[in-house]
Amino acid sequence: MPINPDAVGNTSEPAEISWTSKDSLLYALGVGAGVTDPTGFELEFTTENTKDTPQKALPTQVVVMGSGGMPAFGDFNLAALLHGEQFIQIHKTVPAEGTAVGKGRVAQILDKGKAALVRLESTVSDADGNPLWTSRNGLFISGEGGWGGDRGEASTWALPERDADQVISYTTRDDQALLYRLNGDRNPLHSDPSFAAMAGFDKPILHGLCTFGFTGRALLHGLCDSDPDAFGSMGGRFKSPVMPGEQLDVHMWNEGDQTLFQTRVGDRVVFDAGVFTNR
């Protein structure tokens with residue numbers, strides 16, 4: 001079996017990562033910042049030279065800033081890989097430009113029967129060793145399960161039996177995927193119509209992490225008063241693809257010390273089992 005369950009716990013060597021003011025501006029535009037009011041709302045994320053408005057980075061930008069590398073956990077068919085989960089925790093407000101040191105770890109490899117779920121975790125710190133953020137993604141790899149390993153705990157997330165306490169909606173642009181891909185993900189599934197057709201789609205689909213970024217903006221504005229200093233953690237599961245031009249509705253339920261959320265396109269859930277915490 002190509003996946004190596006014994007790779008759990010393996011770590012990569014620490015590696016430096018860096019990002020610029022331009023990187024932060026491009027990411028913000030890639031997840032829709034500034035569209036509703038280009039000369040007013042979100043200027044701290046979309047400009048670097050506005051009077052009395054220091055530039056800031058959107059917290060979800062950490063998903064495109066690198067991890068310093070990941071240790072190997074086996075060989076498999078890349079076509080069988082699906083990005084199923086994403087989680088981030090912000091320990092210290094991420095500056096609009098900077099350098100940091102990242103280290104990757106194979107956190108879990110679970111046997112889901114017909115697939116393996118590989119959870120990769122990266123921890124990123126500043127030059128003095130202070131934690132900046134932790135990022136974890138879950139990769140479903142079909143055809144790689146069935147070795148009799150740990151299946152993991154069942155999810156306890158449940159949709160509240162009431163209307164959302166708050167819903168924030170953003171409409172993606174028809175060219176959203178073409179803009180977002182400039183952050184580094186050049187997978188032709190998001191840009192090449194012929195490639196998308198081979199995958200069974202009528203046209204290129206939006207990046208899952210772009211949907212994640214739009215969702216993060218809604219949480220930032222709805223639950224943190226637009227202040228990145230108050231953004232703690234968010235995570236959940238990708239449920240179905242989004243087409244550029246569709247409207248994303250982020251439903252939020254306040255549940256004490258955390259907020260549950262779900263992102264939908266109409267009645268279709270596209271990001272599920274969401275949990276957010278303030279910092």
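Quick note: the coordinates plus some simple rules give every number you see, no bench work behind them. This one's a predicted model, so the numbers in the text were calculated from it and none came from an experiment. Reconstructed Cβ throughout: ideal geometry from the backbone, glycine too, with neighbour counts over all protein chains shown.
Convex hull over the Cα atoms of segment 86-210, averaged projected area in nm²?
11.7 nm²
With the chain treated as a Gaussian network of Cα nodes joined by springs under 10 Å, which of 114, 56, 239 yields the largest mean-square fluctuation?
Comparing 114, 56, 239 in the GNM, the peak value goes to 114.
Would you calculate the volume per residue, in Å³, of the smallest convex hull containing every Cα atom of segment 117-190?
Convex hull volume per residue, Cα atoms: 252 Å³.
Counting only other residues whose beta carbon sits under 12 Å from that of residue 65, what net charge do I get with K and R as +1, D and E as -1?
-3
What is the spin-label model distance, in nm, from residue 275 to residue 130 if the labels are put 7 Å beyond Cα along the C-beta direction?
Output for this residue pair reads 2.7 nm.
Once you have all Cα-Cα distances for segment 5-142, histogram them in 10 Å bins from zero and send the whole-percent values.
12, 35, 29, 18, 6, 1
Across bins of 10 angstrom width beginning at 0, how are the C-alpha pair distances of the chain distributed, in whole percent?
7, 27, 36, 25, 5, 0, 0
Among the aspartates and glutamates, select those whose C-alpha is under 14 Å from the C-alpha of residue 112, and discard any that sit fewer than 8 residues away in the same chain.
144, 150, 153
Roughly how many debye, to the nearest 20, is the charge dipole of the chain about its Cα centre, given +1 on each Lys and Arg Cβ, -1 on each Asp and Glu Cβ, and no other charges?
Around 500 debye, computed over the chain.
Evaluate E = 1/(1 + (r/R0)^6) for residue 169 and residue 39, where r is the Cβ-Cβ distance and R0 equals 25 Å; express this FRET efficiency to the nearest 0.05. Don't jump to the answer; show the numbers that get you there.
Values: r = 21 Å, r/R0 = 0.85.
After rounding, the FRET efficiency stands at 0.70.
Determine the alpha carbon to alpha carbon distance for each of 56/203; 22/51; 22/203; 114/239; 22/239 and list only those over 25 Å.
56/203; 22/203; 22/239
Summing +1 for each Lys or Arg and -1 for each Asp or Glu, what net charge is found among the other residues whose Cβ lies under 14 Å from the Cβ of residue 213?
0
Given a cut-off of under 8 Å on Cα pairs at least six residues apart, what relative contact order in percent is computed for segment 5-142? Write out the running numbers ahead of the final one.
Numbers: 295 pairs, mean separation 40.9, N = 138.
Across segment 5-142, relative contact order equals 30 percent.
Per residue, what volume in Å³ does the Cα convex hull of segment 163-267 take up?
On the way: hull volume 11.6 nm³, N = 105.
It is 110 Å³ per residue.
Can you grab the distance from the C-alpha centre of segment 1-55 to the C-alpha centre of segment 127-156, Å, no decimals?
Taking the Cα centre of segment 127-156 as reference, the centre of segment 1-55 is 22 Å away.
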